[in-house]
Every structure is written in structure tokens, then in C-alpha cells.
Amino acid sequence: MKIVVCIKQVPDSDKVTIDRATNRLNRAGVPAVMNPFDENALEVALRLRDAVPGSTVTVVSMGPPQAEAVVREAIARGATDGVLVSGREFGGADTWATGYTLALAIRKLGPADLVLFGKQATDGDTAQVGPGIAHHLGLPVLTYAKAVEALPGGKALKVVRATEDGHEEWEVDLPCALTVVKEAGELRIGSLKSKMAAKKAQIPVWGVAELGPDPELIGLKGSPTRVTKVFAPPVKTNRVRLEGTPAEQAEKLVGILAERHLV
Amino acid sequence: MNEIWVFAEQREGALQSVSCELLSEGRELAAKSGYELCALLLSENGAALAPELFAHGARKVYAMDAPQFAYYQNDFWSAAVRQAVEARRPEILLFGATSIGRSLAPTVAAALHTGLTADCTQLDFDPERKLLLQTRPAFGGNIMATITCEGTRPQMATVRGNVFKKVREDGAAGEVVPLAADLSQVPCRMRRLAAVKEGGEDVDLAGAKTIVSGGRGLGAPEKFSLVRELAAELGGAVGASRAVVDAGWISALHQVGQTGKTVCPKLYVALGISGAIQHLAGMQSSDFIVAVNKDPAAPIFEVADVGIVGDVDAVVPELVKMLRARRA
């Protein structure tokens, strides 16, 4: 099975702090990591590769040159190889233009049986790029996959999909695309051999010359949406602390909740 | 006349609350824009659900009926929505930010080559530029961003549940407009084998009006019973921080935060949760936040409307007692 996993480099949300004066993130010095949900998608890919002999796992990332680090990291964890899509022309892309661009890169890799994504990236939280790419590639997509199994015969997958109040079980024909949630499995550490391979790996960087996009459809120009205003969320001005014994604190709280019709 | 469409999401024939909330808010947008408020309904029998959509403000219900619409199947549903949009050309198309809306809308937006904004918490209309102003929390809710879609139509957004109030008007009437969906060219590439509900009412974090969440400050896994007890008393769902999910105290279905679920209930009660940014990102848009924590410097208190510095062990039993007394 030829598997492609899309991964994104994001700021490590565990290490980000907030400047309460400006309500902005303190980004300086925050390490960049692989998007946590993409780790789960990569683990799904590696498990399928282990289960289906002859499979390969190729990772694709789009970002600035330093995003090469997450591609290398993915190889260290066990991916076969990887590609970075990078170039000034791609800058300012919204989810539509990002999906279009990454779809070109996945096409260039040759026909894939399975394209995997994390359910969303923790910096944008949109969850839109995966289904968008699936459309551009003409693939069926199942979102929020939490368990994936190759069915005998190699023509289809069995997928358990998380919903708000439970789960659904689906059988989906290959080729297809899936977006993956955390429950799908924690990413393995990687073997000594894969770590060595990552050190030596040549990671191709594909830009406009390699992908040959329609220049009207990439970057800011190809993005239907615009950010027109950025502002701090309204600050809560009447925050209160309740003092007293536990019983007094509880009584005050119930009073406040009752006043606001919350109980 | 230009139109605003709300995708009326039904699951196994049950209309989702967020769709009614969106129609209710859509009335305001209709008033500001002069557009007509309509619902797009994919189901087996649209006539059955239409009256509820009229009651929440739809003047027209575009009903697409087909057996393939009994439950969500992305290939069929996205093809149908695309056909409806291409036939009637609405200016605005809104979806609930549910597991269905957040999958269907990006497929449709990719196909229509138009913009889509995820997880909006405010909507407004600029009458001069005739633009939908779509505001969403960015960077885990620390910044709000207003997004517009200028050159392409429809302007599409998914909108979170529990943000807008439902306004119901009994007996409001409207017109059912049947639309034919041509699914003959849509290949059937996936088959649903089963749909299973898990763990009862207390895991539906997305739909919950009240959520009570527990974190490592509870001290021990068995103390999670305090969280469940208060949630039951308040009629709410049970949430958890990543730390306790990772420690195996409770299933990942309950996890609130950046790597779990993003929630915005009317009331969020955080018990023994310190408030790591990754947790705050998932809940700080909640309407009213109560935090109980031993550490007066815990970051959770910075987003809490009401803070109680104290022991969850001591405070929660008192709370439960008082709520019970109040009901009696």
C-alpha cells in the first residue's frame, strides 16, 4: 500500500504562554513541533505499513524551509521518505489554496492508495485542509478516524469514526483519505535504524517550478478568504473570587448561578 | 432575491439544535442584508422537518429528499449541497461546526472554489460592502480574527453550537421548495456498517449546555466521582484535562482542549484543573466559567468568572448538597 501522510509544523502549544497585557502569544523561543494529530496519522500509516507487506509511507509538509525538521522527524519515527513544499509564492495561503497546493504535491508523488491527515492543526484549528485535499484528489474522505484496519484483499479499509456521542463503523474503498484523531494511537519513538536514516535523508524541496501550479490559485492570491481584523477577546472585567469556608463558598456560588439561570 | 442559507443538519431524522440556533441568528443577518433566510435540508422526508425550520426563522426550506440522506455520507451529501448551490446561488451558506458540518463544508467549499471560515463565534453583515463578517477565535482563543470572503460566492462558514440563542415562533409559516438531487453519477465508495452511541449522555460535550471537568488537582482517579456527581446534579456532561486522560483516569472521549474537544457551553466548571494553555484553548469561549483549585496562582483563574481557591474535596460535596436542597 502506498501511503501519504500530510504533516504540519506548529508551535508547541504546551510551551506557549500568553502575554496578558497584550493578549498575544509569546512565540519567541517556543519550539516548533509536529502537529500532535499528525503524529497520530503517521502512527496509523506505520501500523498499516507493518501489517501490509511492501507498503511505503511518504510524508509531505508545506511551510517555510525550517519545516524540513518535521519531515526529518517523521522519517526518524519510521516514515520511508518525505518531501517539503516550500516557496515564497505559497505564502499567505488560506485553507483553500493550501489544499490545492498540497494536492499537486501528492499527485506528483504518484497514485497513492491512502492519504492521511491529523484531524486538524493546533495552530489554526480549522480541520478544513484534509477534506479539501481529498476533494482535489477525487478521493472519498472519512473524518475523525480513531481505528483503521486493512481488510483482506487490499481493496478496502475498515474505519471507526468518532462522532459527538459515540462512533460509526465504515468500510471504505481504496484509494481514500482519512483524518485521524488522538485515539488512533500514540506515535512510536522510532528505531535506531530509522533515526540513522533520518540523519542521512535527502529531503527534496518542491516549489513552483516543481509543482507547476496555476499562479492564480496559490498563496494569498489564490485564497478566497482574507483576515480583515484581529483583536483581543473581550476581557472579563467582573471576575470574582469567593472567600469563606467551603460551605460559604458553595452557597455564594449557587446564588450566582441561580441569578444567571444556570441552575 | 439574494438568499442566506442555513444547512439544516439532521441525524437519523432529528434536527440538530445548532441549525435552529443558526436560523435564529440568521434573522438578524437577513434584517441587516435584506436577504431572504432559507434552510437547505437533506433528508428522507423534508416535509416532516420543515415546520420546525419555519418556526426558527426560515422563510423557505429547500428540501432535497433521497434515501441516501438518511444518514451522513460525505460523497452523496456534498454532491447534493453543491448542486443546490449551483442551482440557486445563495450569497451565504452556514453550517453548524459539528463533526458533520466540519467535514461536509470543506468538501463543498473545495468543490465550489469559495472561502470557508471554521468555528465562527460571531457573525455580522457589512451592508456597504455586502460582506459577511465571520469572527472566530484564533491561536486557542487568545485572539479573535474577523474573516471575509470578497470575490467568491457563497460566503461559507461553520459556526459553533451554543453561541446563538434559539428563538422559536410557533406557527410561523414558509414555503417548502423541493430540489432534485442527481446522485446517479456519485460513486458509492464507502458503506456504514454500524452507528453506536457510547457512554450515555455525559460524553456529548459538543451539545452540552453545562460541562463539569476534572483535572490532576483532584489528586486520585477515584476522586473523579466528584466530577460525575456534580455533573449529574447540574445535568451536564463530564469533561477532563489531557493530564488525566493520559494518566488513564477517564476515556479520551471526555478530553477538553486543543488535542481534545473544543467546547463552549453556557456553564463550564473546572475542578482541579490548573489551566494549561492547551486546556484553555478548548474551553475559554464558554459563556460562564467557574474554577475550583487549591493553587491561587493557577492560570485557570484568569479566565474564570468565578474562582474558588479551595479543596475540590471540600467544596464539591457542599455544592452538591446545596443544589439538592434547592431542588427539593
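The values are calculated or read from the model by the stated rules, or taken from the named source; none is laboratory data. Note that the structure is a prediction, hence the values are computed from the model and not measured. Note that we place each Cβ from the backbone using ideal geometry, even for glycine, and neighbour counts take in every protein chain shown. Quick note on the areas: whole protein, heavy atoms, side chains included, nothing else; ligands and nucleic acids left out. Shrake-Rupley method; radii C 1.70, N 1.55, O 1.52, S 1.80 Å.
Touching a Ser or Thr at 6+ places or on another chain (Cβ under 8 Å) and either touching a residue at least 40 places away in the same chain (Cβ under 8 Å) or crowded, with 23+ Cβ neighbours inside 10 Å (or both), is that true of B:Ala195? Spelling it out, B:Ala195 is indeed touching a Ser or Thr at 6+ places or on another chain (Cβ under 8 Å) and either touching a residue at least 40 places away in the same chain (Cβ under 8 Å) or crowded, with 23+ Cβ neighbours inside 10 Å (or both). Here B:Ser225 meets the list (1) of a type in the set (Gly, Ala, Ser); (2) open to solvent by 50 Å² or more (accessible area, probe 1.4 Å); (3) within 27 Å of A:Glu259 (Cβ to Cβ) almost entirely, failing just condition (3). Condition check: among the aliphatic types (A, V, I, L, M) and either surrounded by fewer than 21 Cβ atoms within 10 Å (Cβ to Cβ) or farther than 24 Å from B:Leu323 by Cα (or both). Does B:Ala208 satisfy that? Spelling it out, it is not the case that B:Ala208 is among the aliphatic types (A, V, I, L, M) and either surrounded by fewer than 21 Cβ atoms within 10 Å (Cβ to Cβ) or farther than 24 Å from B:Leu323 by Cα (or both). Consider region B:290-307 and keep the residues that are in contact with a helix residue (DSSP H, G or I) (Cβ under 9 Å, 6 or more places away or on another chain) and open to solvent by 60 Å² or more (accessible area, probe 1.4 Å). The one that is nearest to the other protein chains (Cβ to nearest Cβ) is B:Glu302. Among the strands (runs of 3 or more DSSP E) lying completely within region B:170-249, list those that include at least 1 residues that are closer than 30 Å to A:Leu151 by Cβ and of a type in the set (A, V, I, L, M). It comes to B:190-197. Looking at this structure, is B:Ala281 farther than 14 Å from A:Leu253 by Cβ and in a helix (DSSP H, G or I)? The answer is yes for B:Ala281.
Name the pairs: first residue in region A:224-249 and outside any strand (DSSP E or B), second residue loosely packed, with under 12 Cβ neighbours inside 10 Å, Cβ to Cβ under 8 Å, at least 6 apart or on different chains? Close Cβ pairs satisfying both conditions: A:Pro224/B:Gly151; A:Ala232/A:Thr22; A:Gln249/A:Glu243.
The condition of being open to solvent by less than 40 Å² (accessible area, probe 1.4 Å), assigned by TED's automatic domain parsing to the domain that holds B:Arg88 and touching a Leu at 6+ places or on another chain (Cβ under 9 Å) holds for only one of B:Met144, B:Met156, that being B:Met156. Restricting attention to region B:26-36, does a residue exist that is in a loop (DSSP other than H, G, I, E, B) and of a type in the set (A, V, I, L, M, F, W, C)? For region B:26-36, residues in a loop (DSSP other than H, G, I, E, B) and of a type in the set (A, V, I, L, M, F, W, C): absent. Look at A:Val180 and say whether it is over 22 Å from the mean Cα position of the chain (by Cα), more than 9 Å from chain B (Cβ to nearest Cβ), hydrophobic (A, V, I, L, M, F, W, C) and surrounded by 15 or more Cβ atoms within 10 Å (Cβ to Cβ). Here the answer is no, as A:Val180 does not meet what is asked.
Among the conditions (1) modelled with pLDDT under 95; (2) open to solvent by less than 60 Å² (accessible area, probe 1.4 Å); (3) of a type in the set (A, V, I, L, M, F, W, C), the only one that B:Cys188 does not satisfy is (2).
Scanning region A:106-142 for residues that are within 8 Å of chain B (Cβ to nearest Cβ) and within 16 Å of A:Pro36 (Cα to Cα), we see that the one that is surrounded by the most Cβ atoms within 10 Å (Cβ to Cβ) is A:Gly130.
Under the condition of being outside any helix (DSSP H, G or I) and surrounded by fewer than 23 Cβ atoms within 10 Å (Cβ to Cβ), the residues counted in region B:308-318 number 3. Restricting B:Ala30, B:Ala70, B:Ala14, B:Ala48 to residues that are surrounded by fewer than 23 Cβ atoms within 10 Å (Cβ to Cβ), without any contact (Cβ under 8 Å) to a residue 40 or more places away in the chain and either under 23 Å from B:Asp182 (Cα atoms) or outside the structural domain of B:Leu132 (by TED's automatic domain parsing) (or both) narrows the list to B:Ala48. Checking each residue in region A:201-231 for being surrounded by fewer than 16 Cβ atoms within 10 Å (Cβ to Cβ), more than 22 Å from B:Leu112 (Cα to Cα) and at the interface with chain B (Cβ under 7 Å from one of its Cβ atoms) picks out A:Lys229, A:Val230, A:Phe231. Only one entry in B:Ala84, B:Ala172 is open to solvent by 20 Å² or more (accessible area, probe 1.4 Å) and more than 9 Å from every other protein chain (Cβ to nearest Cβ), namely B:Ala172.
Here is the figure for region A:63-102: residues that are part of a helix (DSSP H, G or I) and among the hydroxyl-bearing types (Ser, Thr, Tyr) total 4. When region B:109-163 is filtered for residues that are among the hydrophobic types (A, V, I, L, M, F, W, C) and either without any contact (Cβ under 8 Å) to a residue 24 or more places away in the chain or on the phi > 0 side of the Ramachandran plot (or both), the ones remaining, listed by number, are B:Ala110, B:Leu133, B:Ala138, B:Phe139, B:Ile143, B:Met144, B:Ala145. Kindly establish whether B:Leu93 is assigned to a strand (DSSP E or B), within 28 Å of B:Thr262 (Cβ to Cβ) and either open to solvent by 20 Å² or more (accessible area, probe 1.4 Å) or assigned by TED's automatic domain parsing to the domain that holds B:Leu116 (or both). In short, yes. Only residues that are within 14 Å of chain B (Cβ to nearest Cβ), modelled with pLDDT of 75 or more and open to solvent by less than 20 Å² (accessible area, probe 1.4 Å) were counted in region A:7-29, giving 1. Residues that are among the β-branched types (Val, Ile, Thr) and outside any strand (DSSP E or B) do occur in region B:117-133, at least one of them. Scan region B:154-167 and give yes if some residue there is facing another protein chain (nearest Cβ under 10 Å) and assigned to a loop (DSSP other than H, G, I, E, B), otherwise no. The answer is yes, given that some residue of region B:154-167 is facing another protein chain (nearest Cβ under 10 Å) and assigned to a loop (DSSP other than H, G, I, E, B). Number of residues in region B:234-283 that are facing another protein chain (nearest Cβ under 10 Å), polar (S, T, N, Q) and open to solvent by 20 Å² or more (accessible area, probe 1.4 Å) equals 2.
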